[in-house]
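The values are calculated or read from the model by the stated rules, or taken from the named source; none is laboratory data. Only a predicted model underlies this, so the values are computations on that prediction, with no experimental measurement involved. We place every Cβ from the backbone using ideal geometry, glycine too, and count neighbours over all the protein chains shown.
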Amino acid sequence: MVWRIMCADVGPAHARMQLWEVMGPSDGAPNLAHDRWYQSCLFGDLESLARRFLLDCSFPVPDGEEASVRCSGRYAGAVVHGACVAMCARDAGARGPPGWAPDARADLEVALGAVVKRAVLLETFVAEAYGLALCPDADVAPLPDQRAPAPGGARACVACGAALEEALLLPDPSGDAPAYVAVRGDGGRTEFCARTDLEWELRRWLVDRDGAAPVAAVVSGPGLANIYEFLAARRGDGAGEAILAVPLPERPRAVADAAVNDDALALRAATLFLEAFGAELRQVALRGSPSGGLYLVAGGGVLDTLAPLLPLLADAYANGDARAAADLKNLPLLLAKNGDLAILGARCRATRCLGDKRRKALRTSIPHGATRLIDKSSWAGFFG
(Lines give C-alpha, C1' and ligand atoms only; values in the text may rest on other atoms or scores of the structure.)
Protein backbone atom coordinates (compact mmCIF):
# COMPACT_ATOMS: atom_id res chain seq x y z
CA MET A 1 0.00 0.00 0.00
CA VAL A 2 1.38 3.40 -1.00
CA TRP A 3 0.92 6.18 1.53
CA ARG A 4 1.55 9.78 0.58
CA ILE A 5 3.14 12.48 2.68
CA MET A 6 2.98 16.16 1.86
CA CYS A 7 5.48 18.39 3.65
CA ALA A 8 6.36 22.05 3.37
CA ASP A 9 8.74 24.73 4.58
CA VAL A 10 6.90 28.05 4.41
CA GLY A 11 8.97 31.22 4.61
CA PRO A 12 8.06 34.90 4.37
CA ALA A 13 8.70 35.04 0.63
CA HIS A 14 8.93 31.46 -0.62
CA ALA A 15 7.52 28.05 0.22
CA ARG A 16 8.95 24.66 -0.67
CA MET A 17 6.38 21.87 -1.03
CA GLN A 18 7.12 18.16 -1.42
CA LEU A 19 5.03 15.04 -1.95
CA TRP A 20 6.56 11.71 -0.93
CA GLU A 21 5.33 8.17 -1.51
CA VAL A 22 6.15 5.70 1.25
CA MET A 23 5.28 2.09 2.01
CA GLY A 24 4.92 2.69 5.76
CA PRO A 25 6.37 4.53 8.76
CA SER A 26 9.64 2.58 8.61
CA ASP A 27 10.16 2.82 4.83
CA GLY A 28 13.87 3.47 4.36
CA ALA A 29 13.59 4.35 0.67
CA PRO A 30 10.71 6.81 0.16
CA ASN A 31 10.06 8.16 -3.32
CA LEU A 32 10.01 11.91 -3.91
CA ALA A 33 7.14 12.37 -6.37
CA HIS A 34 6.95 16.18 -6.44
CA ASP A 35 9.19 19.01 -5.25
CA ARG A 36 7.96 22.54 -6.01
CA TRP A 37 8.62 26.12 -4.95
CA TYR A 38 5.97 28.84 -4.59
CA GLN A 39 5.84 32.53 -3.67
CA SER A 40 4.17 32.25 -0.29
CA CYS A 41 3.38 35.96 -0.23
CA LEU A 42 0.84 35.37 -3.03
CA PHE A 43 -1.33 33.11 -0.85
CA GLY A 44 -3.67 34.30 1.86
CA ASP A 45 -3.33 31.23 4.10
CA LEU A 46 -1.82 27.76 4.32
CA GLU A 47 -4.94 26.06 3.02
CA SER A 48 -4.84 27.91 -0.30
CA LEU A 49 -1.12 27.18 -0.65
CA ALA A 50 -1.64 23.46 0.04
CA ARG A 51 -4.60 23.39 -2.35
CA ARG A 52 -2.51 24.90 -5.16
CA PHE A 53 0.24 22.34 -4.63
CA LEU A 54 -2.17 19.39 -4.59
CA LEU A 55 -3.78 20.58 -7.81
CA ASP A 56 -0.35 20.93 -9.41
CA CYS A 57 0.33 17.33 -8.35
CA SER A 58 -2.88 16.23 -10.16
CA PHE A 59 -4.83 15.56 -6.96
CA PRO A 60 -8.52 16.39 -7.49
CA VAL A 61 -9.35 18.82 -4.69
CA PRO A 62 -13.09 19.59 -4.81
CA ASP A 63 -14.58 22.87 -3.65
CA GLY A 64 -17.57 23.48 -1.44
CA GLU A 65 -19.14 20.87 0.81
CA GLU A 66 -17.54 17.95 -1.00
CA ALA A 67 -14.14 19.30 0.02
CA SER A 68 -14.96 18.80 3.70
CA VAL A 69 -15.62 15.06 3.48
CA ARG A 70 -13.80 13.54 6.43
CA CYS A 71 -12.55 9.99 6.78
CA SER A 72 -14.40 8.99 9.99
CA GLY A 73 -11.25 9.03 12.09
CA ARG A 74 -9.15 7.14 9.51
CA TYR A 75 -5.86 8.92 9.07
CA ALA A 76 -3.24 8.81 6.35
CA GLY A 77 -2.62 5.31 5.15
CA ALA A 78 -6.18 4.17 5.77
CA VAL A 79 -6.95 5.25 2.22
CA VAL A 80 -4.52 4.48 -0.58
CA HIS A 81 -4.95 7.89 -2.14
CA GLY A 82 -4.99 9.75 1.15
CA ALA A 83 -2.22 12.13 2.14
CA CYS A 84 -0.98 13.39 5.46
CA VAL A 85 0.72 16.73 5.73
CA ALA A 86 3.29 18.35 7.99
CA MET A 87 3.99 22.02 7.40
CA CYS A 88 6.36 24.34 9.21
CA ALA A 89 6.32 28.12 9.08
CA ARG A 90 8.84 30.83 9.91
CA ASP A 91 6.42 32.79 12.06
CA ALA A 92 3.89 30.68 13.91
CA GLY A 93 2.24 33.75 15.41
CA ALA A 94 1.28 35.44 12.14
CA ARG A 95 -1.87 34.99 10.11
CA GLY A 96 -1.42 33.82 6.56
CA PRO A 97 1.92 32.63 5.17
CA PRO A 98 4.42 32.45 6.66
CA GLY A 99 2.29 31.91 9.78
CA TRP A 100 -1.12 30.49 10.60
CA ALA A 101 -4.20 31.18 12.64
CA PRO A 102 -4.77 29.05 15.77
CA ASP A 103 -7.31 26.89 13.92
CA ALA A 104 -5.21 26.47 10.76
CA ARG A 105 -4.67 22.73 11.30
CA ALA A 106 -8.40 22.07 11.53
CA ASP A 107 -8.97 24.32 8.51
CA LEU A 108 -6.58 22.21 6.46
CA GLU A 109 -8.24 18.95 7.49
CA VAL A 110 -11.73 20.28 6.82
CA ALA A 111 -11.15 22.26 3.63
CA LEU A 112 -8.95 19.55 2.09
CA GLY A 113 -10.48 16.58 3.88
CA ALA A 114 -11.12 14.70 0.66
CA VAL A 115 -7.35 14.42 0.22
CA VAL A 116 -5.62 15.44 3.47
CA LYS A 117 -6.53 13.02 6.24
CA ARG A 118 -4.32 14.49 8.95
CA ALA A 119 -2.36 17.71 9.27
CA VAL A 120 0.48 18.57 11.64
CA LEU A 121 1.80 22.13 11.91
CA LEU A 122 5.27 22.74 13.31
CA GLU A 123 7.27 25.80 14.22
CA THR A 124 10.37 25.96 12.08
CA PHE A 125 12.89 25.26 14.83
CA VAL A 126 10.93 22.21 16.02
CA ALA A 127 10.93 20.97 12.42
CA GLU A 128 14.69 21.56 12.20
CA ALA A 129 15.16 19.53 15.38
CA TYR A 130 13.22 16.63 13.87
CA GLY A 131 15.21 17.06 10.67
CA LEU A 132 18.37 15.94 12.43
CA ALA A 133 17.03 12.38 12.20
CA LEU A 134 17.27 12.55 8.40
CA CYS A 135 20.30 14.83 8.11
CA PRO A 136 23.10 13.17 6.09
CA ASP A 137 26.19 12.31 8.10
CA ALA A 138 28.26 14.48 5.74
CA ASP A 139 26.38 17.56 7.01
CA VAL A 140 27.15 16.90 10.70
CA ALA A 141 30.61 17.23 12.24
CA PRO A 142 31.85 17.23 15.85
CA LEU A 143 33.56 20.43 16.95
CA PRO A 144 37.27 20.18 17.83
CA ASP A 145 38.14 17.70 20.59
CA GLN A 146 34.58 16.35 20.78
CA ARG A 147 33.68 12.66 20.79
CA ALA A 148 31.22 10.93 18.49
CA PRO A 149 27.66 10.87 19.91
CA ALA A 150 26.22 7.74 21.53
CA PRO A 151 23.74 5.95 19.23
CA GLY A 152 20.18 6.14 20.50
CA GLY A 153 20.93 8.67 23.23
CA ALA A 154 18.87 11.78 23.88
CA ARG A 155 19.79 14.79 21.76
CA ALA A 156 19.61 18.54 22.16
CA CYS A 157 19.41 21.16 19.46
CA VAL A 158 20.37 24.85 19.70
CA ALA A 159 20.13 27.61 17.09
CA CYS A 160 21.68 31.03 17.57
CA GLY A 161 20.37 33.50 15.01
CA ALA A 162 17.89 36.31 15.38
CA ALA A 163 16.96 34.61 18.66
CA LEU A 164 18.26 31.80 20.86
CA GLU A 165 16.27 28.61 20.32
CA GLU A 166 16.63 25.32 22.17
CA ALA A 167 14.98 21.91 22.02
CA LEU A 168 15.44 18.50 23.62
CA LEU A 169 14.96 15.36 21.52
CA LEU A 170 13.85 12.44 23.67
CA PRO A 171 14.01 8.83 22.50
CA ASP A 172 10.54 7.69 21.43
CA PRO A 173 9.50 4.49 23.26
CA SER A 174 7.09 3.51 20.46
CA GLY A 175 9.99 2.66 18.19
CA ASP A 176 8.41 4.37 15.17
CA ALA A 177 10.08 6.94 12.95
CA PRO A 178 11.14 9.50 13.86
CA ALA A 179 13.08 7.92 16.68
CA TYR A 180 12.78 11.08 18.79
CA VAL A 181 10.10 13.35 20.21
CA ALA A 182 11.03 17.04 20.12
CA VAL A 183 10.29 19.16 23.21
CA ARG A 184 11.02 22.82 22.69
CA GLY A 185 12.35 25.02 25.47
CA ASP A 186 12.60 28.79 25.87
CA GLY A 187 16.00 29.16 27.45
CA GLY A 188 16.67 32.46 25.74
CA ARG A 189 14.23 34.17 28.12
CA THR A 190 16.03 33.04 31.29
CA GLU A 191 18.32 35.42 33.15
CA PHE A 192 21.86 35.86 31.86
CA CYS A 193 24.19 34.52 34.57
CA ALA A 194 27.40 36.55 34.57
CA ARG A 195 30.58 34.68 35.50
CA THR A 196 33.32 37.32 35.21
CA ASP A 197 33.70 40.98 36.16
CA LEU A 198 33.35 41.98 32.52
CA GLU A 199 30.16 39.96 32.13
CA TRP A 200 28.77 41.60 35.28
CA GLU A 201 29.46 44.98 33.71
CA LEU A 202 27.66 43.81 30.54
CA ARG A 203 24.71 42.58 32.56
CA ARG A 204 24.38 45.89 34.44
CA TRP A 205 24.64 47.79 31.14
CA LEU A 206 21.80 45.71 29.64
CA VAL A 207 19.62 46.17 32.73
CA ASP A 208 20.20 49.93 32.71
CA ARG A 209 19.35 50.11 29.01
CA ASP A 210 16.53 47.55 28.68
CA GLY A 211 15.36 46.85 32.22
CA ALA A 212 16.36 43.17 31.98
CA ALA A 213 19.24 40.94 30.90
CA PRO A 214 17.93 37.70 29.36
CA VAL A 215 20.33 35.17 27.88
CA ALA A 216 19.15 36.00 24.35
CA ALA A 217 20.31 39.61 24.82
CA VAL A 218 23.86 38.21 24.89
CA VAL A 219 23.71 34.84 23.10
CA SER A 220 22.11 35.58 19.71
CA GLY A 221 22.82 37.64 16.62
CA PRO A 222 21.42 40.79 18.24
CA GLY A 223 23.32 39.76 21.38
CA LEU A 224 26.63 39.95 19.49
CA ALA A 225 25.68 43.48 18.41
CA ASN A 226 24.81 44.33 22.03
CA ILE A 227 28.21 43.13 23.23
CA TYR A 228 29.97 45.20 20.58
CA GLU A 229 27.98 48.31 21.53
CA PHE A 230 28.76 47.70 25.22
CA LEU A 231 32.50 47.35 24.61
CA ALA A 232 32.54 50.45 22.39
CA ALA A 233 30.74 52.48 25.07
CA ARG A 234 33.10 51.11 27.73
CA ARG A 235 36.12 52.35 25.79
CA GLY A 236 34.56 55.78 25.33
CA ASP A 237 36.95 56.88 22.57
CA GLY A 238 34.59 56.72 19.61
CA ALA A 239 35.79 53.28 18.56
CA GLY A 240 33.39 51.24 16.48
CA GLU A 241 31.43 54.16 15.06
CA ALA A 242 31.44 52.71 11.55
CA ILE A 243 29.87 49.40 12.65
CA LEU A 244 27.45 51.09 15.07
CA ALA A 245 26.20 53.14 12.11
CA VAL A 246 25.15 49.93 10.32
CA PRO A 247 21.37 49.32 10.53
CA LEU A 248 20.53 47.05 13.45
CA PRO A 249 19.33 44.03 11.38
CA GLU A 250 22.68 43.92 9.54
CA ARG A 251 24.89 44.85 12.51
CA PRO A 252 25.51 41.29 13.87
CA ARG A 253 26.88 40.19 10.50
CA ALA A 254 29.02 43.34 10.32
CA VAL A 255 30.52 42.61 13.75
CA ALA A 256 31.16 38.97 12.83
CA ASP A 257 32.80 39.95 9.52
CA ALA A 258 35.06 42.42 11.32
CA ALA A 259 35.97 39.82 13.96
CA VAL A 260 37.19 37.25 11.45
CA ASN A 261 39.17 40.02 9.74
CA ASP A 262 41.09 40.77 12.95
CA ASP A 263 39.37 43.99 14.00
CA ALA A 264 40.43 44.20 17.65
CA LEU A 265 37.14 45.49 19.12
CA ALA A 266 35.00 43.10 17.06
CA LEU A 267 37.25 40.17 17.93
CA ARG A 268 36.91 41.00 21.63
CA ALA A 269 33.13 41.12 21.22
CA ALA A 270 33.11 37.80 19.37
CA THR A 271 35.29 36.18 22.05
CA LEU A 272 32.98 37.38 24.84
CA PHE A 273 29.98 36.19 22.80
CA LEU A 274 31.46 32.71 22.27
CA GLU A 275 32.40 32.37 25.94
CA ALA A 276 28.84 33.24 27.00
CA PHE A 277 27.47 30.91 24.33
CA GLY A 278 29.68 28.09 25.60
CA ALA A 279 28.35 28.64 29.13
CA GLU A 280 24.74 28.46 27.89
CA LEU A 281 25.50 25.28 25.95
CA ARG A 282 26.86 23.75 29.15
CA GLN A 283 23.59 24.55 30.89
CA VAL A 284 21.60 22.89 28.10
CA ALA A 285 23.87 19.82 28.15
CA LEU A 286 23.85 19.37 31.93
CA ARG A 287 20.06 19.74 32.14
CA GLY A 288 19.21 17.39 29.29
CA SER A 289 22.20 14.97 29.29
CA PRO A 290 22.17 14.61 25.48
CA SER A 291 24.56 11.68 25.11
CA GLY A 292 23.33 11.47 21.50
CA GLY A 293 24.83 14.88 20.86
CA LEU A 294 24.25 18.59 21.37
CA TYR A 295 23.71 19.96 17.87
CA LEU A 296 24.29 23.53 16.77
CA VAL A 297 22.07 24.37 13.82
CA ALA A 298 23.90 26.79 11.52
CA GLY A 299 21.37 28.38 9.23
CA GLY A 300 23.09 31.38 7.71
CA GLY A 301 23.43 33.36 10.96
CA VAL A 302 26.44 34.71 12.79
CA LEU A 303 27.75 31.20 13.54
CA ASP A 304 28.37 30.68 9.83
CA THR A 305 30.41 33.87 9.67
CA LEU A 306 32.26 33.06 12.89
CA ALA A 307 33.17 29.54 11.69
CA PRO A 308 36.96 30.19 11.95
CA LEU A 309 36.46 31.01 15.65
CA LEU A 310 34.35 27.97 16.56
CA PRO A 311 37.31 26.25 18.28
CA LEU A 312 36.94 29.01 20.90
CA LEU A 313 33.32 27.97 21.39
CA ALA A 314 34.27 24.30 21.74
CA ASP A 315 36.90 25.19 24.32
CA ALA A 316 34.49 27.42 26.27
CA TYR A 317 31.93 24.60 26.29
CA ALA A 318 34.30 21.83 27.36
CA ASN A 319 36.61 23.69 29.72
CA GLY A 320 34.68 26.69 31.01
CA ASP A 321 33.65 24.85 34.19
CA ALA A 322 36.18 22.42 35.64
CA ARG A 323 33.49 20.81 37.82
CA ALA A 324 31.52 19.69 34.75
CA ALA A 325 34.42 18.85 32.41
CA ALA A 326 34.28 15.09 33.01
CA ASP A 327 30.53 14.89 32.36
CA LEU A 328 30.72 17.09 29.26
CA LYS A 329 33.15 14.67 27.61
CA ASN A 330 30.19 12.30 27.19
CA LEU A 331 27.90 15.06 25.89
CA PRO A 332 29.55 15.95 22.57
CA LEU A 333 29.01 19.23 20.72
CA LEU A 334 28.35 18.96 16.97
CA LEU A 335 27.65 21.36 14.12
CA ALA A 336 24.81 20.60 11.67
CA LYS A 337 25.01 22.49 8.38
CA ASN A 338 22.07 21.62 6.17
CA GLY A 339 19.72 24.22 4.69
CA ASP A 340 16.95 21.63 4.29
CA LEU A 341 16.58 20.66 7.96
CA ALA A 342 13.12 22.24 8.25
CA ILE A 343 11.53 20.34 5.39
CA LEU A 344 13.38 17.16 6.39
CA GLY A 345 11.82 17.53 9.82
CA ALA A 346 8.38 18.15 8.36
CA ARG A 347 8.68 14.87 6.45
CA CYS A 348 9.97 13.13 9.56
CA ARG A 349 7.00 14.32 11.62
CA ALA A 350 4.48 13.51 8.89
CA THR A 351 5.91 9.99 8.74
CA ARG A 352 5.11 9.75 12.43
CA CYS A 353 1.43 10.21 11.54
CA LEU A 354 1.60 6.84 9.79
CA GLY A 355 2.95 5.27 12.97
CA ASP A 356 0.18 6.95 14.99
CA LYS A 357 -2.37 5.32 12.71
CA ARG A 358 -0.79 1.89 13.12
CA ARG A 359 -0.62 2.21 16.90
CA LYS A 360 -4.24 3.32 17.03
CA ALA A 361 -5.27 0.20 15.17
CA LEU A 362 -3.21 -1.95 17.52
CA ARG A 363 -4.69 -0.35 20.63
CA THR A 364 -8.22 -1.05 19.49
CA SER A 365 -7.33 -4.73 19.08
CA ILE A 366 -5.64 -5.16 22.49
CA PRO A 367 -7.91 -6.86 25.07
CA HIS A 368 -9.00 -4.79 28.05
CA GLY A 369 -6.36 -4.84 30.78
CA ALA A 370 -3.45 -5.60 28.45
CA THR A 371 -0.41 -3.33 28.33
CA ARG A 372 -1.15 -0.19 26.33
CA LEU A 373 1.35 1.19 23.86
CA ILE A 374 2.90 4.55 24.71
CA ASP A 375 2.56 7.18 21.99
CA LYS A 376 3.66 10.77 21.55
CA SER A 377 0.69 12.19 23.42
CA SER A 378 1.98 10.48 26.55
CA TRP A 379 5.39 12.07 26.12
CA ALA A 380 3.93 15.48 25.34
CA GLY A 381 1.65 15.31 28.38
CA PHE A 382 4.58 14.51 30.67
CA PHE A 383 7.24 16.81 29.24
CA GLY A 384 5.22 19.55 27.53
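Details
- Any chance residue 102 is at pLDDT below 80 and crowded, with 22+ Cβ neighbours inside 10 Å: no
- Any hit, region 26-45, residues being within 16 Å of residue 108 (Cα to Cα), touching a helix residue (DSSP H, G or I) at 6+ places or on another chain (Cβ under 9 Å) and at pLDDT below 80: yes
Yes/no per residue for (1) polar (S, T, N, Q); (2) farther than 21 Å from residue 193 by Cβ; (3) touching a Phe, Trp or Tyr at 6+ places or on another chain (Cβ under 6 Å):
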{"position": "224", "(1), (2), (3)": "no, no, yes"}
{"position": "227", "(1), (2), (3)": "no, no, yes"}
{"position": "247", "(1), (2), (3)": "no, yes, no"}
{"position": "256", "(1), (2), (3)": "no, yes, no"}
{"position": "261", "(1), (2), (3)": "yes, yes, no"}
{"position": "273", "(1), (2), (3)": "no, no, no"}
{"position": "280", "(1), (2), (3)": "no, no, no"}
{"position": "290", "(1), (2), (3)": "no, no, no"}
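- Here residue 164 clears all of (1) farther than 19 Å from residue 342 by Cβ; (2) touching a Ser or Thr at 6+ places or on another chain (Cβ under 6 Å) except the condition numbered (1).
- Pairs with Cβ under 7 Å, 6+ apart, first in region 303-323 and free of Cβ contacts under 8 Å to residues at least 12 places away in the same chain, second in a helix (DSSP H, G or I): 319/325
- Filter result (surrounded by fewer than 18 Cβ atoms within 10 Å (Cβ to Cβ) and outside any strand (DSSP E or B)) within region 180-193: 186, 189, 190, 193
- Residue 270 being crowded, with 22+ Cβ neighbours inside 10 Å and of a type in the set (Gly, Ala, Ser): yes
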